[in-house]
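The values are calculated or read from the model by the stated rules, or taken from the named source; none is laboratory data. Quick caveat: nothing in here was measured; it's all calculated off a predicted structure. Counting neighbours? That spans all protein chains shown, and the Cβs are built from the backbone with ideal geometry, glycine included. To get the accessible areas, we keep the full protein, side chains included, count just its heavy atoms, and leave off ligands, DNA and RNA. Shrake-Rupley method; radii C 1.70, N 1.55, O 1.52, S 1.80 Å.
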Amino acid sequence: MIKTKGLKFNYDNQVFFEFPDINLISGENLLIIGSSGIGKTTLLHLLAGLLKSESGSIELFGNEISLLSSHQLDRFRKNNIGIVFQRPHFVNSLTVKENLQLAQYIAKKKDNNRIESILKNLNISDKANKKTNQLSQGEKQRASIALAIVNSPKLILADEPTSSLDDNNCTNVINLLQKQATEFGAQLVVITHDSRVKKYFKKSVEL
Amino acid sequence: MNIFKLSIKNIFNKPLSSTISLALLILGIGIISLLLQLNSLIKDQMDNNLKGIDMVVGAKGSPLQLILSSVYHIDSPTGNISLGEAEKISKNRMVGSSIKLLYGDNYKGYRIVGTEKKFIELYKAKIKEGKEWDSSYEVIVGYKVHKKLNINIGDELVSLHGLRETGESHDGEPFKVVGLLEPSNSVIDQLIITSPESVWDIHDTHDHNEDHDEDHDHDHDEDDKEITAMLIKFKSPMNIIQFPRQINENTNLQAAVPSYEISRLFKLFGFGIETLSYLAYIIIIVSGFSLFINLFNSMNERKYEMALIRTLGASRFQLSRMIIFESLILTTLGFILGLLFSRFGVMFVSSLMEESLNYNLNSFKILIEEYWLLGLSVSIGLICSLIPAIRVYQMNISKILADE
């Protein structure tokens, strides 16, 4: 269950954001759509616990995360949230597999079988021992999805996952994200300005 | 995977960026460690050869020269003294024991020393093969000499006059090798020793050949005989203050105290060593700055991946630890390689000294001061990573990710 109420945020008392309330029962996915500069990334960071809201509440799976300390948020994040960024980020000194192992280490888990099955599922098993800068753009995107889901999060947050993709790949990525979410029992929240994505989601919120 | 492994991977991912700071650190640590090692090894070697010698008596001249020539066998003697006068001193009640030394010849650059059999005991050397000399012209050969020149029992050595290889050769009787010594790690290893009579005899015949026209008396008269120096051990250590002064004031002999002269020599050395180590410390400080700039730059370069690591749930502390580890791994590596560098340096200097001075300085033990260097390296690692680690700790991940 994901619930927000009366969320507000401001940057240095200069830029003010007010966000519509979100209400998701378990199993539901959500699309948050809005044009640039309207606070999409801010909302995603609030949901991920990377930012603290000025007022309002965020309830994720029974936890009021606006009340958690920074240390508690780190712990909450590694157990519950996976983030797919607009531009994929990796630890560049590590291979794809080592990146996933690092994510597992941080979450105090160790499961090479899971890493293998995720890579297989995303069709990049053969890239497991490659450094991430040797991957193509599409492979990078899939590897970053792997990184988001390797610790079996309950919530997958995706920030503009399709903005730089053509129609075909846009469809592929959204399908991939939804498939992974269903397969691993996570809820998916996609934040985008890309209206092509709209048709794939039953539920959406406009900022 | 863990934070430590991650740090190692990060360092080796971009090895070039850390090379300069590492090289500077290796140089700085290496120079200091080399100086420490050489200082300690030379001191050990010097002290080892001083055992049992409280005072040296020889001809007037530089006291340091007297010590260097007759204790360390690396300088020319100050001259000769009369045997009679030397024996007067050895009969003094303050003298425990005395050993006569006579120079004059060398064999392929190795000194032939006429001396008493006590000389072998002084350095605790043992005869490996053969026996001690019984008569004139019989020699015992030190370990390094017989090993290097491949000398065996029964060999005959034709000596050269003087202490250099360029001396004039004695056409007379050659020396006969009767004994070979075991290694004793002291100066005796690089000497050829024989009885005092051998040296007197060879120079008598030598003089005869040259001066046969002159009417010269060559009796083996005690008053006429000369020796080069005499090593003396006192009955009581107290005598070291008074007795040398008496000799220097009341006779035309010179008395020098090796331990005093050597500490004077080390004071002279010390100045150079100190200057050089200041230079090395400056290099270490520069390496610290370079390391700091390195970490700082790489932190900026890697801000996205560090933000990523945080979003994966790593704590601020884990991220700071990663930076500190990276710095510590580099400085510890610098320390280890620096020590390795200094050991190669010791081997190099040792091979040089062995050629010119017949000295050998090989030791690979770690000195206490080198543990201090380890402490210094670790401290530099900590200090250099402090500011970057604090910056990482305070990093605003949301802002970095929103800036992409």
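Numbers at a glance
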{"quantity": "Test result for B:GLN246, touching a strand residue (DSSP E or B) at 6+ places or on another chain (Cβ under 9 Å) and surrounded by 13 or more Cβ atoms within 10 Å (Cβ to Cβ)", "calculated": "yes"}
{"quantity": "Residue that is least open to solvent (accessible area, probe 1.4 Å), among those in region B:1-18 that are within 30 Å of B:ILE368 (Cβ to Cβ) and among the aliphatic types (A, V, I, L, M)", "calculated": "B:ILE11"}
{"quantity": "Residue in region B:69-78 that is more than 14 Å from every other protein chain (Cβ to nearest Cβ), farther than 30 Å from B:GLN254 by Cβ and in contact (Cβ under 8 Å) with a residue 60 or more places away in the chain present", "calculated": "no"}
{"quantity": "Enumerated helices (runs of 4 or more DSSP H) restricted to region A:47-134, each holding at least 2 residues that are more than 8 Å from chain B (Cβ to nearest Cβ) and either open to solvent by 60 Å² or more (accessible area, probe 1.4 Å) or more than 24 Å from B:SER298 (Cα to Cα) (or both)", "calculated": "A:70-80, A:112-121"}
{"quantity": "B:LEU6 assigned to a helix (DSSP H, G or I) and either away from every other protein chain (no Cβ under 14 Å) or aromatic (Phe, Trp, Tyr) (or both)", "calculated": "no"}
{"quantity": "Residue within region B:260-277 that is touching a helix residue (DSSP H, G or I) at 6+ places or on another chain (Cβ under 8 Å), open to solvent by 80 Å² or more (accessible area, probe 1.4 Å), assigned by TED's automatic domain parsing to the domain that holds B:LEU35 and of a type in the set (S, T, N, Q) present", "calculated": "no"}
{"quantity": "Hits in region B:52-62 - residues which are open to solvent by 40 Å² or more (accessible area, probe 1.4 Å) and touching a residue at least 60 places away in the same chain (Cβ under 8 Å)", "calculated": "B:LYS60, B:GLY61"}
{"quantity": "Members of region B:133-158 that are free of Cβ contacts under 8 Å to residues at least 40 places away in the same chain and among the hydrophobic types (A, V, I, L, M, F, W, C)", "calculated": "B:ILE151, B:ILE153"}
{"quantity": "Residue that is most open to solvent (accessible area, probe 1.4 Å) [pool: residues in region B:364-404 that are in a loop (DSSP other than H, G, I, E, B) and either among the acidic types (Asp, Glu) or under 30 Å from B:ARG343 (Cα atoms) (or both)]", "calculated": "B:PHE364"}
{"quantity": "Sole exception among (1) surrounded by 15 or more Cβ atoms within 10 Å (Cβ to Cβ); (2) free of Cβ contacts under 8 Å to residues at least 24 places away in the same chain; (3) facing chain B (nearest Cβ under 10 Å) for A:GLU139, by number", "calculated": "(3)"}
{"quantity": "Per-region count, region B:291-302, residues more than 10 Å from every other protein chain (Cβ to nearest Cβ) and over 44 Å from the mean Cα position of the chain (by Cα)", "calculated": "2"}
{"quantity": "Scan of region B:19-44 for residues that are at pLDDT below 85 and either crowded, with 20+ Cβ neighbours inside 10 Å or within 29 Å of A:VAL96 (Cβ to Cβ) (or both), ordered by number", "calculated": "B:LEU41"}
{"quantity": "Residue match in region B:46-65 (condition: under 30 Å from B:ARG321 (Cα atoms) and either away from chain A (no Cβ under 14 Å) or among the basic types (Lys, Arg) (or both))", "calculated": "no"}
